[in-house]
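Since every read-out is calculated from the coordinates, none of them should be taken as a lab result. From a predicted model like this one, the values you see are computed outputs, not experimental measurements. Quick reminder, even Gly has a Cβ in these numbers, built from the backbone with ideal geometry, and neighbours come from all protein chains shown.
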Amino acid sequence: MKFIWVLKLKLDNELRESIEEFIISHNATITSLDSENKSNILQPKSYDTSAFFIKKPSNIFIKKLLLDFKIKPKTIILKKIKIKDIYKNNITPLNPITIGRFTFLESKNLTNFNIYKNVIIPPGLGFGTGHHASTKGILYLLNKIYFKKNIKNNNLIDIGCGSGILGITMAKLWKKKVELIDIDKQAINTSVSNAKLNFLDSFINVKIENGLNKTNKLNYDIIVINILAKPILTNIKSISKKLDKNGRVIISGLIQDQKFMILNKLRLMGLILEMEYKIENWVSLLIKKN
Ligand SMILES: C[S@@+](CC[C@H](N)C(=O)[O-])C[C@H]1O[C@@H](n2cnc3c(N)ncnc32)[C@H](O)[C@@H]1O
């Protein structure tokens with residue numbers, strides 16, 4: 001297969017999920033990037049979306065898309081492109097970013113790939129390239145706890161794995177198996193493929209699930225969870241229950257105003273704040289279970 005069909009659209013946040021769902025149900029994969037700065041922020045106002053089809057999408061599909069979602073024909077472009085040109089033509093390159101011990105790159109071609117120092121995360125196909133403050137915060141805190149001597153690292157889990165960036169980083173840091181969970185099928189596929197790209201497929205166990213409802217193990221030494229405040233609240237009891245004594249959870253995806261609400265609930269369950277990392281208005285919290 002040398003060619004692929006790419007449908008380009010500009011989507012408002014309001015209808016994005018339903019339009020993406022409709023397109024995915026027609027066997028496409030989708031990349032939606034924030035149209036203003038292209039560095040996958042959490043809730044951008046508008047997106048540059050590219051949908052990739054193996055076969056040319058039918059006229060009926062295009063008509064339905066335009067009519068059902070009131071999309072103006074002039075705003076969409078359908079192109080046949082060479083597979084090797086996908087990244088060249090569709091995604092603005094992200095700069096490599098260094099956080100702690102690792103430099104995160106979007107492809108192995110950018111520099112001389114060094115398996116000990118680099119993590120490869122191509123942009124777009126699952127949230128998390130390392131450029132968003134909520135991801136950066138967890139990566140920073142993971143590097144901090146890596147140097148702490150009394151923290152166990154046998155049972156590790158990444159909830160809301162997106163691109164798999166956090167789970168892959170944990171596997172690289174501790175050379176241990178990591179469980180990755182997401183509710184989104186595309187995130188699961190992306191995490192699996194990114195694990196392979198980083199030669200870590202045998203360390204990464206990915207599955208589709210909702211939060212910590214059904215995990216492989218009863219207890220974890222380190223939990224990382226970068227989902228928004230509401231799903232974090234839904235999972236807060238499970239976090240407390242599944243975190244081992246002296247274990248750590250790193251919570252991200254919170255804005256400054258939501259911090260105390262989460263910390264108060266955690267404190268009632270015996271979980272206390274050990275360190276926090278703030279970038280822009282986003283906070284990441286390192287929490288310890290006494
Ligand atoms: C902000 S992204 C984080 C991605 C990556 N872990 C990072 O830190 O960059 C949030 C991810 O959590 C997933 N998610 C949201 N609610 C969830 C839930 N209840 N259970 C599991 N995953 C969830 C989303 O599908 C998305 O992939």
**Study point:** Cross-link partners of residue 56 among aspartates and glutamates (Cα-Cα below 19 Å; sequence separation of 8 or more within a chain)
**Key:** 20, 21, 85
Check your understanding: Want the number for residue 261 to residue 279: 0.36 nm per residue separation, take away the alpha-carbon distance, what's left?
Key -> 4.6 nm
Revision key, fill the gap. Phi-derived 3J(HN,Hα) across segment 270-279 with the Karplus relation (6.51, -1.76, 1.60, θ = phi - 60°), rounded Hz, x for Gly and Pro, is x, 10, 10, 6, 9, 7, 9, 9, 10, 9
Practice item. For residue 155, list long-range residues whose amide hydrogen, built 1.01 Å from N in the peptide plane, is under 5 Å from its own amide hydrogen. Key: 221, 222
Study note, to complete from the structure: per DSSP, antiparallel bridges as share of beta bridges in the chain, % nearest 5, sits at 65 percent
**Study point:** Distance between modelled label sites at residue 85 and residue 205, nm, 7 Å Cα→Cβ extension
**Key:** 4.4 nm
Practice item. For segment 194-290, run through the trypsin sites (Lys or Arg not before Pro) and keep only the ones in DSSP coil with at most 11 other Cβ atoms within 10 Å of their Cβ. Key: 214
Exercise for review: Calculate, in whole percent, how much of the Cα-Cα pair population of the chain lies beyond 29 Å.
Suggested key: 35 percent
Point to revise | Counted charge near residue 102, where neighbours are those whose Cβ lies closer than 10 Å (Asp, Glu -1; Lys, Arg +1) | key: +3
Study note, to complete from the structure: Extension length gain for residue 150 and residue 75 (0.36 nm per residue less Cα distance), in nm, is 21.4 nm
Study note, to complete from the structure: Note to self: C-alpha centroids of segment 65-84 and segment 224-290 sit apart, in Å, by 41 Å
